[in-house]
Amino acid sequence: MNKDKLVIFDTTLRDGEQSPGASMTREEKVRIAKMLEKMRVDVIEAGFAIASQGDFEAVKAVADVVKDSTVCSLARAVDADIDRAAEALKGANSSRIHTFIATSPIHMQYKLKMEPEMVLERAVAAVKRARNYTDNVEFSLEDGSRSEFDFMCRITEAAIAAGARTINVPDTVGYGEPGEYGQMFKRLIENVPNSDMAIFSTHCHNDLGLAVANSLSAVMNGVRQIECTINGLGERAGNASLEEVVMAVRTRCDTFPVHTGIATEHIVPTSRLVSSITGFPVQPNKAIVGANAFAHESGIHQDGVLKHRETYEIMRAEDVGWNTNKIVLGKHSGRAAVKARFEDLGIVFDTQDALNQAFSRFKELADKKHEIFDQDLHAIVSANSSEMQEETVLLVELEASSKTGEKPHAKLTLQVAGEDHRAEAVGGGPVDAAYKAIESVVNSGADLLLYSVNNITQGTDSQGEVTVRLERDGLIVNGIGSDTDIVAASVKAYLHALNLLESRSNRSHPQRDGV
């Protein structure tokens with residue numbers, strides 16, 4: 001049968017960034033955008049241009065480098081927002097302005113303090129202003145799933161008449177249920193006279209764990225765009241997961257009347273890139289991209305898979321970017337082989353110097369552990385990315401000890417603004433002691449919100465990847481560090497977070513009104 005194209009609208013760089021601590025630099029957004037483009041994502045929402053100068057510059061940078069995907073900026077139904085979005089998108093081959101206003105009674109009354117008629121007028125004016133800049137205008141009914149149906153029909157019809165060609169009805173607070181959410185779209189499309197002039201879209205939050213289910217239910221009822229994020233990243237419980245949506249449509253092609261243009265083999269590399277940049281680790285049992293997604297421990301399952309893969313696997317690991325070659329590289333591998341493997345993983349270095357740094361770290365790691373896995377290579381790239389920021393605090397030397405019957409002790413040397421400082425401390429463990437020693441030098445005033453350790457690969461010589469979340473004056477950052485020595489990894493993560501606090505302390509967090 002003929003299948004419609006399902007537009008994949010990725011908002012990792014905008015809504016995903018609204019996760020506390022997930023704020024990204026301009027360069028990090030560009031790296032992710034390039035991977036999304038390689039994955040053939042249809043629309044990349046690069047940010048909220050009015051939110052800050054940093055957000056404006058990030059949207060502009062993405063618009064300037066992405067050529068094959070449409071680049072989008074969010075804008076409230078406010079003239080200044082729309083003008084700012086248009087300015088940021090000037091360099092895009094294909095651009096979209098995504099404007100929105102709240103339409104639920106509770107939002108209109110308590111947040112906007114506006115009557116419905118005024119909201120409708122504001123929506124129409126915003127769409128018309130955006131159309132002065134681009135034919136590709138999307139209008140969103142914020143908190144649409146809790147809006148009154150008659151008003152939803154009126155504002156949708158008016159927005160389409162004003163020139164909107166995509167209508168998004170988000171489940172902003174994750175309140176929707178698949179049956180009713182899908183039926184809402186069916187009724188809306190049937191009752192709005194000019195609905196055939198627009199593509200209808202979902203944007204679902206995962207507060208009840210139903211974001212993907214709600215999105216796919218909407219597809220079965222006429223929706224042809226899904227707004228989603230890599231790894232389901234997003235504020236509160238996150239957004240609909242891109243990888244789950246795409247693979248559900250692909251795997252159950254017998255059920256869904258749509259297809260996507262996504263190059264699925266880039267899903268896992270993109271997932272790892274987003275995880276490393278944001279510092280949000282992927283849970284091992286996460287569908288599609290979790291470390292255990294294609295693992296089988298049960299003897300019955302193992303036996304079945306060995307006899308015939310499809311007994312317990314509905315997808316091929318290779319199709320989403322997992323590599324079945326267990327041992328990839330070793331200490332005797334040359335630069336060309338390492339570069340080729342990076343390219344197989346979707347990792348391309350912009351400069352020779354960046355490749356040299358990565359190769360140097362590869363050699364250091366190969367001296368510490370016998371087997372180098374793909375996950376190790378991703379960690380190397382993450383470390384290089386972390387090192388590219390302007391660092392004010394650097395680790396020069398670390399010594400940590402833990403002995404039965406004695407208090408763990410750490411001694412280190414830090415370079416702060418070019419000057420060496422030595423410190424030592426005792427603590428509940430070597431990591432605690434190291435962190436106390438660091439703070440005796442920097443006195444950051446930050447609160448430690450999270451300390452998390454994950455093994456990157458299997459084996460006792462595996463690298464440990466540590467995530468540290470710090471908060472100071474309302475700014476939350478995630479630092480990451482990896483090493484075969486878990487204390488060293490912990491110190492790297494803490495220093496990474498401290499440097500992020502310094503570099504981002506003057507940048508406002510992008511979490512503002514949004515869909």
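If only residues of the stretch 270-293 that are buried (at least 24 other Cβ atoms within 10 Å of the Cβ) and not polar (S, T, N, Q) are counted, the one that is farthest from VAL381 (Cα to Cα) is ILE288.
When GLY21 is tested against (1) modelled with pLDDT of 95 or more; (2) touching a Gly at 6+ places or on another chain (Cβ under 7 Å), exactly one condition is not met: (1).
Right, GLY176: crowded, with 24+ Cβ neighbours inside 10 Å and touching a strand residue (DSSP E or B) at 6+ places or on another chain (Cβ under 9 Å) or not? Judged against the criteria, GLY176 is a match. What tally of residues in the stretch 196-231 results from selecting those that are free of Cβ contacts under 8 Å to residues at least 60 places away in the same chain, in contact with a Pro (Cβ under 9 Å, 6 or more places away or on another chain) and among the β-branched types (Val, Ile, Thr)? Result for the stretch 196-231: 1. Applying the criterion of being aliphatic (A, V, I, L, M), in contact with a strand residue (DSSP E or B) (Cβ under 9 Å, 6 or more places away or on another chain) and closer than 17 Å to ALA287 by Cα to the residues of the stretch 243-261, the residue that is surrounded by the fewest Cβ atoms within 10 Å (Cβ to Cβ) is VAL249. Determine, yes or no, whether GLU138 is at pLDDT 95 or above, surrounded by fewer than 24 Cβ atoms within 10 Å (Cβ to Cβ) and among the charged types (D, E, K, R). The answer is no for GLU138. Those strands (runs of 3 or more DSSP E) of the stretch 403-515 in which 1 or more residues are surrounded by 22 or more Cβ atoms within 10 Å (Cβ to Cβ) occupy 409-416, 464-472, 475-483.
It is to be established whether one or more residues within the stretch 134-152 are more than 27 Å from ASN206 (Cβ to Cβ), touching a residue at least 12 places away in the same chain (Cβ under 8 Å) and assigned to a helix (DSSP H, G or I). The answer is no; no qualifying residue exists. Of the residues making up the stretch 91-121, just one is among the aromatic types (Phe, Trp, Tyr) and part of a helix (DSSP H, G or I), namely TYR110.
If we scan the stretch 138-158, do we find a residue that is β-branched (Val, Ile, Thr) and within 15 Å of ILE226 (Cα to Cα)? No: zero hits. So, in the stretch 232-255, exactly how many residues are farther than 18 Å from HIS266 by Cα, of a type in the set (D, E, K, R) and touching a residue at least 12 places away in the same chain (Cβ under 8 Å)? Total meeting the criteria: 2.
Among the residues of the stretch 435-462, what is the count of those that are at negative phi and either over 23 Å from the mean Cα position of the chain (by Cα) or of a type in the set (Val, Ile, Thr) (or both)? The qualifying residues number 18. I'm told ASN285 meets every condition in (1) in the same structural domain as THR70 (by TED's automatic domain parsing); (2) more than 13 Å from the chain's Cα centre (by Cα) except one. Can you identify the failing condition by its number? All conditions pass for ASN285, except number (1).
The values are calculated or read from the model by the stated rules, or taken from the named source; none is laboratory data. The model shown is predicted, which means the values in this text are computed figures rather than measured ones. Backbone-built Cβ (ideal geometry, glycine too); neighbour counts: all protein chains shown.
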